[in-house]
1. Report, by residue number, each residue of segment 63-74 that is surrounded by fewer than 16 Cβ atoms within 10 Å (Cβ to Cβ) and touching a strand residue (DSSP E or B) at 6+ places or on another chain (Cβ under 8 Å).
2. Are any residues in segment 72-83 without any contact (Cβ under 8 Å) to a residue 40 or more places away in the chain and under 16 Å from residue 10 (Cβ atoms), and if so, which ones?
3. Quick check, is residue 16 touching a residue at least 60 places away in the same chain (Cβ under 8 Å) and in contact with a helix residue (DSSP H, G or I) (Cβ under 6 Å, 6 or more places away or on another chain)?
4. Of the residues that sit in segment 29-62 and are within 13 Å of residue 17 (Cβ to Cβ) and without any contact (Cβ under 8 Å) to a residue 40 or more places away in the chain, which one is surrounded by the fewest Cβ atoms within 10 Å (Cβ to Cβ)?
5. So, of the residues in segment 67-90 that are part of a loop (DSSP other than H, G, I, E, B) and within 18 Å of residue 4 (Cα to Cα), which turns out to be modelled with the highest pLDDT?
6. Go over the candidates 8, 99 one by one and state the one that is at pLDDT 95 or above and surrounded by fewer than 16 Cβ atoms within 10 Å (Cβ to Cβ).
7. Looking at (1) in contact with a strand residue (DSSP E or B) (Cβ under 6 Å, 6 or more places away or on another chain); (2) modelled with pLDDT under 95, find the lone condition where residue 17 falls short.
């Protein structure tokens with residue numbers, strides 16, 4: 001089921017789109033997210049480029065968007081919100097600095 005959601009992280013708005021469960025788990029596996037050798041930078045970059053649709057600059061540049069702004073905090077909070085969005089049945093505690101509202 002295709003879903004979209006608009007969220008605000010550190011005062012910046014983002015639009016998220018769902019991806020298939022297969023895509024999500026394959027990305028986790030390719031980036032070693034369940035092992036001791038995690039490639040978190042690659043993981044974040046892939047999520048930003050494939051889940052974020054707006055702002056277009058984030059969707060196009062991925063992690064480089066945050067690198068250019070030296071903004072570690074928003075990138076970290078945003079990846080948590082993306083994971084929460086992609087796993088809607090899993091309960092996550094609310095992130096400081098992040099709010100979400102469902103898009104229709």
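The values are calculated or read from the model by the stated rules, or taken from the named source; none is laboratory data. Just so we're clear, the structure is a prediction, and the values are computed from it rather than from any experiment. FYI the Cβ positions are ideal-geometry reconstructions off the backbone, even for glycines, and counts take in every protein chain you see.
1. none
2. Of everything in segment 72-83, those that are without any contact (Cβ under 8 Å) to a residue 40 or more places away in the chain and under 16 Å from residue 10 (Cβ atoms) turn out to be 72, 75, 76, 79, 80.
3. Spelling it out, residue 16 is indeed touching a residue at least 60 places away in the same chain (Cβ under 8 Å) and in contact with a helix residue (DSSP H, G or I) (Cβ under 6 Å, 6 or more places away or on another chain).
4. Per the stated criteria, the residue is 56.
5. Checked segment 67-90; the qualifying residue modelled with the highest pLDDT is 87.
6. On inspection, the qualifying residue turns out to be 8.
7. It fails just one condition, (2).
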